Amino acid sequence: MKRFLMLSVLTLWGLNVYSQNKIDFSGWAPSNLDQYKGTCYAYATTYTALTIKLAIKINLSSAQDINENAFSPAFTASRLQQHKSFLKRIFTSCSVGGNIEKAAEILKNEGAVPVKNFRRHTNTTETELSNAAGSTADKSLPISSCCYAVQPAELADAAAYRIQGFECIIDTNTSRENTSTIVEILKKYLKVKEPVICAIRQTSKLRSNTDLIYHIESDVDANNNYKTSNHAICIVGFNDEINGGSVLIKNNYKTFGSNGLAWINYEDFKKYLSYAIVLKAFNADTFPMPLKYDKAELF
């Protein structure tokens, strides 16, 4: 009898997950920031997606605590820069040459560091450089540069947050003829609260969007070539009832949409989507004690 009841519960749970027509887990995302130049790959992958995974895993319930433990995009961007050849380090910044797959490789091999801990082994922390107090920095990369020499102690801290890898779930060869093909792939992961990191072909209209529900303009976006991406965002939900069915994207600009979020119709989104990845689980089951929001830091 006990076994029968357990199987019944699991069956009902499975039916609920795979028949649901909406989900929104943006509440586990950190506050929206302005990315520094071309470091969208670090923001979408490390700051947004990895922070969401940690917040859900260790049950961070308040926005303040999520922000306190948000992962540093500057760490990821800096490590990418340090992995370049000598000449490329001299002539290019961390805004050049990055993508979501390279960012995910850094998370797999090296891990990540919370914004508030990055550069705490030096004289100035990342948060202090951004002139933030008591919450995640408004800009986690200083205006002058996005490239730091990551310290050995920071690499040691980052190792606690390594992931097992990542999976490419959609690529440029995935058929766009049937929108449901793309949508069902995305839903498979979103239904279990897995943020989907996307490389997209962003247009100027999408970049400047300030509406919660984004409406495509055919004369602006009709000829968009999704096979060549120029930006990275993160999907944090979907809803079959909004605007004929839409995904909820978190962009990397403070003025974008509503609190950095916007709903984009399924049919329209596939015109932007180049490829998508999801992060695999953390290597560890336990983590360093989470940072807690302290109102005293405001004074």
Subject >> Leading residue by the ranking (farthest from residue 99 (Cα to Cα)) among those in the range 24-72 that are polar (S, T, N, Q) and touching a Cys at 6+ places or on another chain (Cβ under 6 Å) >> reply: 48
**OP:** Would you point out the residue of the range 158-184, among those that are part of a loop (DSSP other than H, G, I, E, B) and polar (S, T, N, Q), that is nearest to residue 109 (Cα to Cα)?
**Re:** 164
**OP:** Identify the residue in the range 38-56 that is among the polar types (S, T, N, Q) and modelled with pLDDT of 95 or more and, among all such residues, is farthest from residue 66 (Cα to Cα).
**Re:** 45
Original post:
Can you name the residue in the range 230-273 that is surrounded by fewer than 21 Cβ atoms within 10 Å (Cβ to Cβ) and small (Gly, Ala, Ser) and is also modelled with the lowest pLDDT among such residues?
Top reply: 258
Subject >> Identity of the residue in the range 150-193, without any contact (Cβ under 8 Å) to a residue 40 or more places away in the chain and among the charged types (D, E, K, R), that ends up nearest to residue 267 (Cα to Cα) >> reply: 177
**OP:** Could you identify the single residue in 61, 72 that is of a type outside the set (A, V, I, L, M), modelled with pLDDT under 95, buried (at least 17 other Cβ atoms within 10 Å of the Cβ) and closer than 19 Å to residue 287 by Cβ?
**Re:** 72
Subject >> Filter result (assigned to a helix (DSSP H, G or I), of a type in the set (Gly, Ala, Ser) and either at pLDDT 90 or above or crowded, with 17+ Cβ neighbours inside 10 Å (or both)) within the range 13-31 >> reply: 26, 27
**OP:** Determine which single condition residue 206 fails, assuming it passes every other condition in (1) modelled with pLDDT of 90 or more; (2) under 22 Å from residue 260 (Cβ atoms).
**Re:** (1)
**OP:** Pull up the range 75-101, narrow it to residues that are within 24 Å of residue 166 (Cβ to Cβ), assigned to a helix (DSSP H, G or I) and over 18 Å from the mean Cα position of the chain (by Cα), then point me to the one that is modelled with the lowest pLDDT.
**Re:** 88
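The values are calculated or read from the model by the stated rules, or taken from the named source; none is laboratory data. Predicted model only: the values in this text are computed from it and were never measured. Cβ sites come from the backbone with ideal geometry, for glycine too, and all protein chains shown count toward neighbours.
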